[in-house]
Amino acid sequence: MEDAQSVAMLMDSTTSKIQQLKKAFAELESHRAVTLNLKWKQLEEHFHGLEKSLKRRFTELEEQEKEFENKIVQSKTILENRQAAVISKEQSSLKSLQQKRDAAVSAITVAMEKHKKPNCVEPAGTTHEVQGESSMFEAKPLDFIPLENTEDNMKSFKNDVVEVKLYPELIKLCQDMDSEGLHKFISDNRKNLAAVREEIPSALRTAVDPADLVLDSLKGFYPSEVLISDAKKDANLLGLRRTCIMLMECLSVLLTTLELDSISSLISESVKGRAKAIAKEWKPKLDELEIDANNGNSLEAHAFLQLLATFSINSNFNQEKLYKLIPMVSRRRQTADLCRSLGLSDSMPGVIDVLISNGRHIDAVNLAFAFELTEQFPPVSLLKSYLNDASKASTPLNSGNASPTVQNEVNEKELSALKAVLKCIEDHKLEEQYPVDPLQKRVLQLEKAKADKKKANEVAKPQSKRPRPNGVGNGPRVNNVVAEKNF
């Protein structure tokens, strides 16, 4: 607006400027002999024409500016009306959602009260305390998961919404308490196991009784038709056992999202009784696994310990016997968490001593870091001792008295030991304390020797005879013997 006013003032001053110019022109004319009236009239008309043109253009610009300001006012009004409408819709939606949520909380509270009454009368150890009551719990949509605490003993989950984005089939299987279908679904999607594993805890929340569903999934862990000694050869059984362990772990993850009252309601005494019965059935079978204890990767021992940890029944078993099972699972990534859940943290120094005495220094270093025992068990010393034992085993064979097969096996063991130590150094960032260059050079040396031996063996193999062009095959060459000898 200030610019427009300044332009208007300049335009108003043009008349006075023209009058001044006229006086100057008249004065100039008085000093000349020839009259300039005709020329001045032309100049005056030109200036008046410019003045009118500028005023007309200025008036047009003012009108356009007013029109633009009117449009801005109209747009603001429209936006304010739309904003008010959106706020009104949000308030009505929130009110409707609040009513649905209150109704859902009330329905779930009533159902849980009905569900608790028969559980209080039934003895511990019943096999299916929930299936008879399953008709009380209708399949609810995801909106009906309780979102806030109720006044009853059953409190809601911390996470407000069940999110199963990639595999919604899991919700249906859990709602139906279909343990066999759950096993099959996990087996069919084993290539995407990481994604399935992340969604199982959320899916278990929709089950009528997640703990009972997980216990049902353990039925085929020890099939009667398969001997324990033959279990390692059965790929399907190994996959089933891994799935059983994963489901127990997922149930543990679900329990971490619950309030204490909800956990005690979910893992009731009847559920604990059933879990104890399964654990007592499994315990004698572990005595037959002493041969497999040295590898530190026993699925059977892991499943047993996970069962005790998930259902909090470890107090019913001898702690010393549990402590002896830890070396059987020392290579598994869940070992440290299992030991903490089972209250075995104080026993870790003894476990590490056992691992060292059995030559499993890598597992000992991993547990020493997990339980902050590196001062008592220096990692670098353990790793060097491990490599020294591996190199000593191969030293007597380097003299050349051993057969090539035995020598290859010893070199392969040393190579595996070197790679394991390098991986351990990398995992725990020990490069400054234990330089890796000499180890890497030794790895390259062993791998080169291995490759050279492989090439030598391939060259030494007899080549199969090529068939003759006339189709005779690989028959003996008896013709032209004399000619060949002469040649």
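The values are calculated or read from the model by the stated rules, or taken from the named source; none is laboratory data. In this text, all values refer to a predicted model and were calculated from it rather than measured experimentally. So basically every Cβ, Gly included, is an ideal-geometry build from the backbone, and we count neighbours across all protein chains shown. Surface accessibility is based on the protein's heavy atoms, side chains included, excluding ligands, DNA and RNA. Shrake-Rupley method; radii C 1.70, N 1.55, O 1.52, S 1.80 Å.
If you go through region 247-267 and keep only what is modelled with pLDDT of 90 or more and out of contact with any helix residue (DSSP H, G or I) (no Cβ under 6 Å at 6 or more places or on another chain), you end up with just E249. Across region 432-482, the qualifying residues are those that are open to solvent by 100 Å² or more (accessible area, probe 1.4 Å), outside any helix (DSSP H, G or I) and closer than 30 Å to V410 by Cβ, and the one among them that is modelled with the lowest pLDDT is P462. Of all positions in region 321-344, at least one carries a residue that is within 23 Å of D209 (Cβ to Cβ), part of a helix (DSSP H, G or I) and out of contact with any Lys or Arg (no Cβ under 6 Å at 6 or more places or on another chain).
Going residue by residue through region 300-311, is there one that turns out to be over 30 Å from K172 (Cβ atoms), open to solvent by 60 Å² or more (accessible area, probe 1.4 Å) and not charged (D, E, K, R)? For region 300-311, residues over 30 Å from K172 (Cβ atoms), open to solvent by 60 Å² or more (accessible area, probe 1.4 Å) and not charged (D, E, K, R): absent. With respect to the conditions (1) free of Cβ contacts under 8 Å to residues at least 40 places away in the same chain; (2) of a type in the set (A, V, I, L, M, F, W, C); (3) open to solvent by less than 10 Å² (accessible area, probe 1.4 Å), L251 lacks only one, and its number is (1).
Is it the case, given these coordinates, that E269 is under 20 Å from L204 (Cα atoms), of a type in the set (D, E) and more than 20 Å from the chain's Cα centre (by Cα)? Please lay out each step first, then the result.
Working: under 20 Å from L204 (Cα atoms): yes; of a type in the set (D, E): yes; more than 20 Å from the chain's Cα centre (by Cα): yes.
Judged against the criteria, E269 is a match.
A search for C-beta distances below 9 Å between a residue of region 208-227 that is more than 26 Å from I263 (Cα to Cα) and any residue that is open to solvent by 10 Å² or more (accessible area, probe 1.4 Å) and assigned to a loop (DSSP other than H, G, I, E, B), counting only pairs 6+ apart in sequence or on different chains, returns P223/D234; V226/D234.
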